[in-house]
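Student: Once you've had a glance at the structure underneath, I'll fire off some questions.
Readers should treat all values here as calculations from the given coordinates under stated rules, not as data from a laboratory. Predicted model, so just to flag it, every value in this text is computed and none were measured. Cβ atoms come from the backbone with ideal geometry, glycine included; neighbour counts cover every protein chain shown.
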Amino acid sequence: MRGIAGVLAAPAAVPAVPAAGLGSARITGIRTFVVGNPWKNWVFVKVSTDTGLFGWGEATSGLETKPPEAQVHELERFVLGEDAFQPERLWQKMHKGLFLGTNVAMSGITTACWDILGKALNAPLWKLLGGKQHPTLRVYANGWYKGSREPEAFAGEAARVQSMGYTALKFDPFGATYRFFDPGEEKKSLAIVAAVRKGVGDGMELLIEAHDRFSVSTAIRVGQKLEEYRPMWLETPVMSTDIPATLEVARAIRVPVATGERFNRLGQFLELLAGRAVDIVQPETLNIGGIGGACKAAALAQAAEAFVALHQAQSPLNTALNAHLHAAMPNFLIQECFDDFLEPWSREIMHGVPRVRNGALEASDAPGIGVELDEREMARHPYGPNNFLRLFENGWEKRTGGPK
């Protein structure tokens, strides 16, 4: 039988699979790279195999860095010597080995294995997932507001985003609010939303982020006041993992509620969707079990006639990854993207990330995820001990990290 290398030509930068056929690719090493993005350090994973093939994944976790990096290396005991061509089997092995545990390190490792599998087959990830349901993906901008917390400043920046071709943008206008609103802060927050709506007109979708800030009563009051500005959604108005509270808010306001980024079990999506009050879910690919977990969460949403907008506040590598996933999901709604508002060097540490054009992007046709990271360039941007958002402190929206 002819080997796969004799049928499909591998890209020049990727070693060819041995002529004996696909066979296996035994994992020989795992390395981590921490890159100091100012408001969130990024953690990358490189998995190498005995075939010469290697793959890239990400294990960035919310607002912590060293724990997930350490988890990657602790998981080596489950995966060294295993076949990288079987990423979902590896995920289950780690899951059981951690006494049914789940973490972003597992997702980082298995994502790299999916990347390896795609390279071996000379096929993009979206093709391995069954093909493209969506040739182009509508994008919403995030991370674009870094100025003073004034309505005029938000409106001016929103107009700039609109001029870049975006048709949707997300922002958190609520300052440092935690659970209950100071009356003056509530008035200012609503004035920010009003100014943005007036500045960009009705043709721009507004997605309002709440970062789990409110109590149920506060969320309902604020959600009702937001209705006149016609937002596409109100995101995580109460603690995301409090599903009964989320459903109570969703039933009390006419603005759609979106949530799910904190979920790390598929059962949480099952419980949320069974309430029939939320029909926009936001699995975080790295939290919910990587590529396989995101696909399963999307299938649950599809069964409930709900839409999926994968959460993405990590590096551009995850932009590329989510583009593959969204392209293959029948119930895709819209994709989150920070890339145009990151540090300029973020484009120098990796190559192959699809760019937003006219408010949309397309999943790469390159093998695997289609992104290669530059180890030398990453080393120029080391871990920063202050590279963390402080979402409940004034000025967090400037995204400069903490005090130096």
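Student: Can you grab the distance from the C-alpha centre of segment 170-206 to the C-alpha centre of segment 278-314, Å, no decimals?
Tutor: Each part reduced to its Cα centre gives a spacing of 27 Å.
Student: Sticking with this structure for a sec: Please compare each pair in LYS119/LYS398; LYS187/LYS398; LYS46/LYS132 to a cut-off of 29 Å on the Cα-Cα distance and tell me which ones are over it. Present the calculation step by step, with values, prior to reporting the outcome.
Tutor: Numbers: LYS119/LYS398 39 Å; LYS187/LYS398 21 Å; LYS46/LYS132 27 Å.
Too far apart for the 29 Å limit: LYS119/LYS398.
Student: Once you charge only the Cβ atoms, +1 for Lys and Arg and -1 for Asp and Glu, what is the size of the charge dipole of segment 141-196 about its Cα centre, to the nearest 20 debye?
Tutor: Numbers: 7 positive and 7 negative charges, 28 e Å.
With Lys and Arg at +1 and Asp and Glu at -1, about 140 debye.
Student: Quick one: what are the phi-derived ³J(HN,Hα) couplings along segment 91-99, Karplus 6.51/-1.76/1.60 with θ = phi - 60°, whole Hz, x for glycine and proline?
Tutor: Values, residue by residue: 4, 5, 5, 5, 4, 6, x, 9, 6 Hz.
Student: Given +1 on the Cβ of Lys and Arg, -1 on the Cβ of Asp and Glu, and no further charges, what dipole in debye does segment 128-398 carry about its Cα centre, rounded to the nearest 20?
Tutor: On the way: 28 positive and 34 negative charges, 78 e Å.
For segment 128-398, the charge dipole is close to 380 debye.
Student: Could you give the distance between the Cα centres of segment 235-249 and segment 24-69, to the whole Å?
Tutor: If you average the Cα positions of each part, the centres end up 32 Å apart.
Student: Right, here's the next one. For the residue pair ASP202 and ALA274, what label-to-label distance in nm results when each label sits 7 Å from Cα along the Cα-to-beta-carbon direction?
Tutor: In this crude spin-label approximation the distance works out to 4.1 nm.
Student: In whole Hz, what ³J(HN,Hα) sequence does segment 191-196 give by Karplus (6.51, -1.76, 1.60; θ = phi - 60°), x for Gly and Pro?
Tutor: Per-residue couplings from phi come out as 5, 4, 4, 4, 5, 5 Hz.
Student: Could you give the nm distance between label points at ARG380 and TRP345, where each point is 7 Å from its Cα heading toward the beta carbon?
Tutor: 0.7
Student: While we're on this one: Placing +1 on the Cβ of each Lys and Arg and -1 on the Cβ of each Asp and Glu in the chain, which of THR319, VAL47, GLY184 has its Cα farthest towards the positive end of the resulting dipole?
Tutor: In the chain, that residue is VAL47.
Student: Quick one: ASP115, ASP50, ASP279, fewest Cβ neighbours within 10 Å first, how do they rank?
Tutor: Numbers: ASP115 30, ASP50 14, ASP279 17.
Exposure proxy ranking, most exposed first: ASP50, ASP279, ASP115.
Student: Counting only residues 5 or more places away or on other chains, whose amide H sits under 5 Å from the amide H of GLU209 once H atoms are built in the peptide plane?
Tutor: Answer set, sorted by chain and number: PHE171, ASP172, GLU235.
Student: Continuing with this model, one more query. Which whole-Hz ³J(HN,Hα) couplings does segment 328-345 yield from phi under the Karplus relation 6.51 cos²θ - 1.76 cosθ + 1.60, θ = phi - 60°, glycine and proline marked x?
Tutor: 8, 9, x, 9, 5, 10, 6, 10, 7, 8, 9, 4, 6, 10, 8, 4, x, 5
Student: Also, I was wondering about something else. With a point put 7 Å past each Cα toward its Cβ, work out how far GLU76 is from ARG26 in nm, to one decimal.
Tutor: 1.7
Student: Further question: Would you mind calculating the gained length between PHE180 and TYR229 on full extension (0.36 nm times residue separation, minus the Cα-Cα distance), in nm to one decimal? Write down the numbers at each step before the final one.
Tutor: Values: separation 49, 0.36 × 49 = 17.64 nm, distance 2.17 nm.
Computed gain between PHE180 and TYR229 is 15.5 nm.
Student: Follow-up question, since we're still on this one. Projecting each Cα onto the charge dipole of segment 159-260 (Lys/Arg +1, Asp/Glu -1 at the beta carbon, about the Cα centre), which of GLY199, ALA258, GLY223 comes out farthest on the positive side?
Tutor: So the residue furthest toward the plus end is GLY199.
Student: Hey, another quick one. Report the extension gain between GLN133 and GLN302 in nm, rounded to one decimal, defined as 0.36 nm multiplied by the number of residues separating them, less their alpha carbon distance. Intermediate values should be presented prior to the final figure.
Tutor: Numbers: separation 169, 0.36 × 169 = 60.84 nm, distance 1.37 nm.
Gain in length upon complete extension: 59.5 nm.
Student: May I have the pair-distance distribution P(r) for segment 128-398, computed from all Cα-Cα distances with 5 Å bins from 0 and rounded to whole percent?
Tutor: Going from the shortest bin to the longest, the percentages are 1, 6, 13, 16, 19, 18, 15, 9, 4, 1, 0.
Student: Under the rule of at least 5 residues apart or a separate chain, name every residue whose amide H is placed under 5 Å from the amide H of HIS311.
Tutor: For HIS311, whose amide H was placed from the backbone, the distant partners under 5 Å are GLU284, THR285.
Student: Which of LEU266, LEU90 comes first, and how do the rest follow, when ranked by fewest Cβ neighbours within 10 Å? All intermediate terms of the calculation are to be shown ahead of the outcome.
Tutor: On the way: LEU266 17, LEU90 23.
So the ranking, lowest neighbour count to highest, is LEU266, LEU90.
Student: Any idea what log10 I(q)/I(0) is at q = 0.27 Å⁻¹ for segment 131-199, Debye with uniform C-alpha scatterers and no solvent?
Tutor: -1.22
Student: Near the amide H of GLY260, under 5 Å away, which other amide H atoms are found, from residues 5 or more places off or on another chain, if H is placed in the peptide plane?
Tutor: So GLY260 has HN proximity to GLN282.
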